1. Given labels modelled 7 Å from the Cα in the Cβ direction, how far is it in nm from B:Ala182 to B:Arg58?
2. Label points 7 Å out from Cα along the Cβ direction at B:Ala106 and B:Val298: separation in nm?
3. Based on the Cβ-Cβ distance of B:Ala237 and B:Ile158, what FRET efficiency does E = 1/(1 + (r/R0)^6) give at R0 = 22 Å, to the nearest 0.05?
4. Just the number, please: carbon plus sulfur as a percent of the accessible area of the range B:19-76, 1.4 Å probe, no ligands or DNA/RNA counted.
5. For A:Leu62 paired with A:Thr86, estimate the spin-label separation in nm (one decimal), with each label point 7 Å from Cα along the Cα-to-Cβ line.
6. For the range A:2-102, max minus min Cα coordinate along each principal axis, in Å, sorted largest first?
7. Could you state the principal axis extents of the C-alpha atoms in the range B:19-76, from the largest down, to the nearest angstrom?
8. How much of the accessible area of the range B:82-312, in percent, comes from carbon and sulfur atoms when a 1.4 Å probe is used?
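The values are calculated or read from the model by the stated rules, or taken from the named source; none is laboratory data. Keep in mind that what you see is a predicted model, and the values were worked out from it rather than measured. Cβ sites come from the backbone with ideal geometry, for glycine too, and all protein chains shown count toward neighbours. Just so you know, the surface numbers come from the protein's heavy atoms only, side chains and all, with ligands and any DNA or RNA stripped out. Shrake-Rupley method; radii C 1.70, N 1.55, O 1.52, S 1.80 Å.
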Amino acid sequence: MTDDVGRWSDPPLLVLASLAGGPKHGYAITQDVADQAGVRLGPGTLYGAIRRLEDRGLIVALPPEQRRRPYQLTAAGEQVLAETATQLRQVAELSLSRLAARGPA
Amino acid sequence: MGRGPAGPEGTPAGQRDPLVIRLVLHAYPRGWRERYGDEFAALLVDLTGSATFRGRVRVMSDAVRGGLTAWIGAANGRVLPGHGKRPLATVACAVMVFAVAIAGLAKMREGKPFDSVTRAHVTVAVALDVLRATAGLAALAVLAGAAPLAWVVFRQMIVDRRPGLLGPLTAGLATAVGWSGAVWITARLAGAHQGTGPDVLVVTALAVSGAAAVVICAWAVTTVIRRMQLPGRLFRAEIPAMAMLSLSMAAVTAADVAWGLAVRSADAGLFNSDNGLISTPLAPNWAGSAVVLLAVTVVTCTATARAARAAYAPAGS
């Protein structure tokens, strides 16, 4: 399941990370991802990710508020995000420690 | 509950979206538009409302690219969400119970007296032929449905190295082979004890272990189906096989009832057998088989109808 989310800056992972802070609609997700991760998700990219995550049961749609529909993480989504984030942290820590051991170039 | 920033003004209620947004929406498949169209249009309005010309072009080009991706995804067949696979798992479990009931029927009519009645009475012979033919059709339907699924599971297990498939698959196969072996050995032993009458203990042990085997196999199959990725196109291809299976099961049930009634009218004494260690030709067993077959048929028909609705529902609904 983790493989479905992708790695690093893949849109599904960014969407999961954004929704970990609470339910959000599309526009709020794009703003959050831009502010927190510095990645600008286009609307087609965002809804491609939302579709994939919803199909896999990692997020669920909430009742629409006017025309905007918020999404929230499911328990499976939380688990996948936790697994992926742990893997990424391990890679990041390994990379930083090895770079530090090499010293300045 | 915080939903984040509400976004710019958007399109006022009752007012249509700008033409360019409506055109971009038509880059997406209809099913996608029915599911996401309104919220997607609202997002486009939000993103383009205060954007520069370059920003609008970037947003719109990304939206069009997303439409192309959605079309490609629809052509490839979307992956079915977990709840969409439930009817398939239900039918798989029903097939197992059906197979056990058919095996019980085959066991029930073994022995020379049944062969004599079948030769002497055309109604018994016809009912038995229909039963065999429809059971064969059901087996063909199961093969037609299971073969592509098995291939996909095998591929995901070996090629994609998808985790969580090998364990339940091995457990299910080992259980099925183990129980079949136990039945085979018991049947060989029973052959040496002809005429001793039914042994309730042996029959009960086989029935209880058989029920446990069915439960384990059902768990294995439902787990594999839940964990595999099932493309929507493959799921749709399963529907004809499931429909054929439903019809075959209904025909088998009717043939079983007709066969039992024909046997009873030809020689009622046959259903009070005393011809072996695990003798089963008893009226309650025949009636029980008919009830089980009927129940399994109803479950399969209902699951097939649900699967057909899920398979042909608009994408995204």
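1. 6.6
2. Here the modelled spin labels are 2.7 nm apart.
3. E between B:Ala237 and B:Ile158, to the nearest 0.05, is 0.55.
4. Values: 2010 of 3150 Å².
Result for the range B:19-76: 64 percent of the exposed heavy-atom area is carbon or sulfur.
5. Distance between the two pseudo-spin positions: 2.8 nm.
6. Sorted largest first, the three principal extents are 55, 25, 21 Å.
7. 36, 19, 15
8. About 72 percent, which is the carbon plus sulfur part of the accessible surface.
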